[in-house]
1. In the structure shown, do any of LYS66/LYS110; LYS215/LYS255; LYS86/LYS255; LYS205/LYS255 have a Cα-Cα gap over 28 Å, and if so which?
2. So for each of 144-153, 100-109 I average, over its residues, the number of other beta carbons within 10 Å; can you give me the resulting order with the highest mean first?
3. Place a +1 charge on the Cβ of each Lys and Arg in the range 1-114 and a -1 charge on the Cβ of each Asp and Glu, then give the dipole magnitude about the Cα centre in debye, rounded to the nearest 20.
4. To the nearest Å, what is the center-to-center distance of the range 48-119 and the range 125-147, using C-alpha atoms only?
5. Quick check: from the Cα gyration tensor, does the range 1-70 come out rounded (a/c under 1.5), prolate or oblate?
6. Can you send over the solvent-accessible area of LYS264, 1.4 Å probe, protein chains only, in Å² to the nearest 10?
7. How large, in percent, is the carbon and sulfur part of the accessible surface of the range 38-110 at a probe radius of 1.4 Å?
Amino acid sequence: MNRHQPRVSLITPCYNGEKFINRFLDSLLEQDYANVEFIFINDGSEDNTETIFASYRPRFEAKGWKVDYIYQPNKGQAAAVNQGLKLFSGDYVFFPDADDIMYPRHISEKVAFMESHPEYGMAYCVVDAVNEKDIGRVLYKMDNSASVDNLFDNLLKRRNISVWGSVSNIIRSQCLLQAIPSRQIYEGRKAQNLQILLPVAHCCKIGMLHESLGKIVTREASHSRIRQSLQERREELADIYLNTLLALNDNIANKSRYITTVFKFFPDESELRQDMSLNIYLMRVIPFIKIKYKHNKINVYVLGIPLFSIRRDLMKG
């Protein structure tokens, strides 16, 4: 191990990865960077994920990597990420998924960029989008350079945002701990990337590497592609946005403003019933936030106290 290299922590959750985990682990073995802490969380897999990972572990350790394997009962990716957040010790951290593919200089190029740009708390690289049926064929380049300068605002307004996998970024640990000092994100069943991106983008300047350093593989059976009703998707995303924004290290006035912004642009008019109510629960028991949409008006309450009210017809860009 080169002791002069900054340490990089990789935190990877995985559920039932036996059909794709080999190509991900093979791409890690090809990395030319030595000082790596690899934290792998098995989220209650019911296949051969554990056996496959165990067969690779000696090869990672032979590279000089520090390897932590954690098993938890199935709770979802955000809960798995929280396991890694409690443990990581690197100077930099990112969260590749177990079906991603990283090109050999993926880590070293990201670290070199961050070391030469200390003003950035996080940076993104371009990645190639591929389909699992033909991973050699690049469908398109995922390059959202237009979103980087105002990422927090863009996330709130759902503007200039495509689906970026977490393998695209690298976060300076100092920035991550400033954004999430509790080392804990809200344990929604999806969108763990958003739960990390929002607080980091809130407090850190973000850079962009204009080089493709990996592949994101689209899988028909992936969690993000499981069919849900429009109502279920809306409620799930609203739940994650609100809990993540409420946890920001900011005052209540700004949090209220951010929540208002989210509801100006989310959900679309077609997704709203004429009369609906959504409860966000504290500790999954106490109805902490209530969102009511009635007669063209959205009302948000915290513990029964009105937080804000806004007319739907005024919610335009």
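The values are calculated or read from the model by the stated rules, or taken from the named source; none is laboratory data. Everything numeric in this text was worked out from a predicted model, so none of it was measured. With ideal geometry, Cβ positions are generated from the backbone for all residues, glycine too; neighbour counts draw on all protein chains shown. Remember, those area values only see protein heavy atoms, side chains included, never the ligands or the DNA or RNA. Shrake-Rupley method; radii C 1.70, N 1.55, O 1.52, S 1.80 Å.
1. Working: LYS66/LYS110 19 Å; LYS215/LYS255 35 Å; LYS86/LYS255 26 Å; LYS205/LYS255 19 Å.
The answer is LYS215/LYS255.
2. Working: 144-153: 16.2, 100-109: 20.0.
Descending packing order for the listed peptides: 100-109, 144-153.
3. Working: 12 positive and 16 negative charges, 82 e Å.
Dipole about the Cα centre, nearest 20: 400 debye.
4. 21 Å
5. Values: a/c = 2.36, a/b = 1.93, b/c = 1.23.
Since a/c reaches 1.5 and a/b is larger than b/c, the shape of the range 1-70 is classed as prolate.
6. 70 Å²
7. Values: 1310 of 2740 Å².
The C+S portion of the solvent-accessible surface of the range 38-110 is 48 percent.
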